[in-house]
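Asker: What follows is a structure written as structure tokens; I'll ask about it next.
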């Protein structure tokens, strides 16, 4: 994978997060699979083109509002919020962004 920097897209960071943080973790295999599905089928297509450093709370809220309007279940919505929070927490830890814009979702 290319080095992540200020020009990196959210999708590139999500790939890093899944491969380097989620996959080697002690999470259940079903959880890892669920996270990968959420990223690949929902988050990357909806938000992946944004630059990581330019991602705003409003972008995430609009994305979640569209998913809710499309009729996704409470469980799916909860998982989407969780994945966004966890991935962006890692971006803060690795100093790619200064704050997690998903904290209050």
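The values are calculated or read from the model by the stated rules, or taken from the named source; none is laboratory data. Note that the coordinates shown come from a computational prediction; the quantities given were computed from them, not determined experimentally. Cβ sites come from the backbone with ideal geometry, for glycine too, and all protein chains shown count toward neighbours.
Asker: Scan the range 60-78 and tell me whether some residue there is touching a helix residue (DSSP H, G or I) at 6+ places or on another chain (Cβ under 9 Å), over 24 Å from residue 94 (Cα atoms) and not in a helix (DSSP H, G or I).
Answerer: Taking every residue of the range 60-78 in turn, at least one turns out to be touching a helix residue (DSSP H, G or I) at 6+ places or on another chain (Cβ under 9 Å), over 24 Å from residue 94 (Cα atoms) and not in a helix (DSSP H, G or I).
Asker: Test of understanding: among 21, 97, which residue is in contact (Cβ under 8 Å) with a residue 40 or more places away in the chain, part of a loop (DSSP other than H, G, I, E, B), in contact with a helix residue (DSSP H, G or I) (Cβ under 9 Å, 6 or more places away or on another chain) and surrounded by 11 or more Cβ atoms within 10 Å (Cβ to Cβ)?
Answerer: Result of the check over 21, 97: 97.
Asker: Suppose the filter is within 14 Å of the chain's Cα centre (by Cα), assigned to a helix (DSSP H, G or I), in contact (Cβ under 8 Å) with a residue 40 or more places away in the chain and farther than 19 Å from residue 101 by Cβ; does residue 34 pass it?
Answerer: yes
Asker: Does the range 68-89 hold any residues that are under 20 Å from residue 36 (Cβ atoms) and either surrounded by fewer than 18 Cβ atoms within 10 Å (Cβ to Cβ) or modelled with pLDDT under 95 (or both), and which are they?
Answerer: Within the range 68-89, 72, 73, 75, 76, 77, 78, 81, 82, 85, 86, 89 meet the criteria.
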